[in-house]
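Below: one structure, written as structure tokens.
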Amino acid sequence: MTTPSSSDLRERPARPRLSGVGLGLRWEFLEEVLDGPECPVAFFEVSPENYLGRGGYYPSALERIRERYPILTHGLTLSIGGIREPDRAYLNALHTELTRLEPPWHSDHLCFSSAGAHVLHELLPLQFSDENVRRVAARARRLESELGRPFALENITYYVHPGQPELTELEFLQRIFEQSPARLLLDVNNVFVNSKNHGTDPRAFIAGLPLERVVEIHVAGHRVQADGLLLDTHGERIADPVLELLSWTLERTGPVPILLERDNDVPALGELLAEVAVLEGIAQRALARHAEHHASSH
Amino acid sequence: MQAAIESALADLVFGPEIAQGDAAGIASWLARNGVQEADARALSRDFPRLQLYRRLARGNLQKALEDTLPRTLFRLGPLFESYFDEFLRVMPPVSHCLRDLTPSFLSFALPRFRGDERVPAYLVDLARHEALQVEVASLLGQQKSHVAAELSLDEGVLFIDAARLVDYEWAVHRLPEDESSNVVPERLAVSLLVYRSPEHEVRYLELGPFAAGLLAALLTCGVSLRTALSQGALRAGRPLDDELLTRAARLLSELATRGALLGKSPPASPEPPIPCPRSTILP
């Protein structure tokens, strides 16, 4: 048996072993997951806010699901970019929940979702500014130790930039990841939606991100409004161009867990699992190409 | 400046609606939130699209209330909108958990319902009843140091945490579950024990005056069984005779079978003056 050196301990792998396609666990199909046959998913992902300080059926069901499937956690209300420091009571409750669920990392959104003591329950975009880069990066540095596990930031959709930007969205993200050890939860649908709404190139955007930091990819459906604006609804099937962008991205990141998010108009579990299977096929083909590139470049 | 932008967007979400073409309203909104000139110009230009965030955030909050208070909101009809507007303006959410929005909304709305002749009088009880179901379903249960043994007259009785006693003036618990029903409940004073079964189902037990008095004393005041029996008899307006004692034994045994009563515990506090307050959740 070899004893890990101190440098081994410091350099814990940023990328965990978990891979494959998972599904956001929703209450609409919770009982089917509990009582049905094994689901062909690599993991389930939950939002801890739905379980914090809660007793009864749902935490008990989650405990049973955790015995059969890996669980990832994805928060909704950290408000990492808000002026006010993240709520201490919330962080303590979150820490307790993460200790119980033992996810390999915890993620939340690069946004603000509180204003002072008030919680908005929506992901609002941050101004792309150096002031916000510094605030987010400082908090991301602290969160790893406060939560006791790696912390990942997700790129969000924004329908309008709030005020006069100092930076582009890509520069904003790049600087945050330069100044913090945060991992990246790359939402490919969000990149696509932003590219259409703001006229940017989604591939150039992704290529500019620190892809070695990607610990997880999210994909979801969006809706096109009558005025042409794309809305990140999580309420439809994933659009073909997003699937193509996912494939292109996986060729560059290599194997990372992929999550299918469906929060609205949630269909039957069977329909979601069929979409998971499509994603699995896309991932396998993309990862085979990734392996080929890797082999030929060595 | 993130501070000003944050303040402005929160105001946009929770504050009074500003019409798209209302240039003076937009200017006033930007000024009261201290938005600097360059940002103000951009926010004014993008105002129509910014309003999407008002719609999204308020939609999430409204859905949370619709999920927990479906029958109340249906019966409230268009009045809900004005209550919801005022609630968000006066008491924006402070909890990270959406399920906390329901008790927060009711703490705002119920006193106002009582003074609003447009709101049916029974709606206060129906709203409390719907909220109680959500509360009991999700109450956290703590480990108890109870003794699973025969009860003693001189000791208290320990119940599960997920149990509440409630008094209504209207028999709202007998209303159909159909969310679009307009059936009016019977005006009838009722007491209910609401508890969560070991299978996580929320159960209701309608109580007569003796049982209500007995359980209020035990569950809410933590007095000894002997004192609680006296309080039950007092509430029933009867002497504590063999018949009441038999009924008490049957009730407590039934609650133990249903998993709501755990065993005996020492009285948690000195004996309170008689009568012990009748327990309710929410105002």
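Filtering the range B:56-82 to residues that are in contact with a strand residue (DSSP E or B) (Cβ under 9 Å, 6 or more places away or on another chain) and within 19 Å of B:LEU126 (Cβ to Cβ) leaves only B:ALA64. Tallying residues that are assigned to a strand (DSSP E or B) and within 11 Å of chain B (Cβ to nearest Cβ) within the range A:109-140 yields 11.
Within the range B:4-30, the residues that satisfy the criterion of being in a helix (DSSP H, G or I) and over 38 Å from the mean Cα position of the chain (by Cα) are B:ALA23, B:ALA24, B:ALA27. Flag: B:LEU73 does not match the condition of being within 21 Å of B:VAL134 (Cα to Cα), more than 9 Å from chain A (Cβ to nearest Cβ), touching a helix residue (DSSP H, G or I) at 6+ places or on another chain (Cβ under 6 Å) and touching a residue at least 24 places away in the same chain (Cβ under 8 Å).
Given the conditions (1) free of Cβ contacts under 8 Å to residues at least 12 places away in the same chain; (2) within 11 Å of chain B (Cβ to nearest Cβ); (3) acidic (Asp, Glu), which single one is not true for A:GLU166? Every listed condition holds for A:GLU166 apart from (1).
Looking at A:SER47, A:SER60, just one residue is free of Cβ contacts under 8 Å to residues at least 24 places away in the same chain and under 24 Å from B:ALA137 (Cα atoms), and that residue is A:SER60. Give the residue that is surrounded by the fewest Cβ atoms within 10 Å (Cβ to Cβ), with candidates limited to residues of the range B:64-92 that are on the phi < 0 side of the Ramachandran plot and assigned to a loop (DSSP other than H, G, I, E, B). The residue in question is B:PRO78.
Within the range A:188-238, the set of residues being in a strand (DSSP E or B) and within 21 Å of A:LEU279 (Cα to Cα) comprises A:VAL214, A:VAL215, A:GLU216, A:ILE217, A:HIS218, A:VAL219, A:ARG223. Consider A:GLU280 carefully, then state whether it is modelled with pLDDT under 95 and more than 30 Å from B:LEU56 (Cβ to Cβ). Here the answer is no, as A:GLU280 does not meet what is asked. Restricting attention to the range A:8-61 and to residues that are assigned to a loop (DSSP other than H, G, I, E, B) and of a type in the set (S, T, N, Q), the residue that is modelled with the highest pLDDT turns out to be A:SER47.
Here A:ALA152, A:ALA115, A:ALA137 are screened, and the one residue that is touching a residue at least 60 places away in the same chain (Cβ under 8 Å) and crowded, with 16+ Cβ neighbours inside 10 Å is A:ALA152.
The values are calculated or read from the model by the stated rules, or taken from the named source; none is laboratory data. Here the structure is a predicted model, which means the values were calculated and not measured. When we count neighbours, we look across all protein chains shown, and the Cβ atoms used for this are built from the backbone with ideal geometry, even at glycine.
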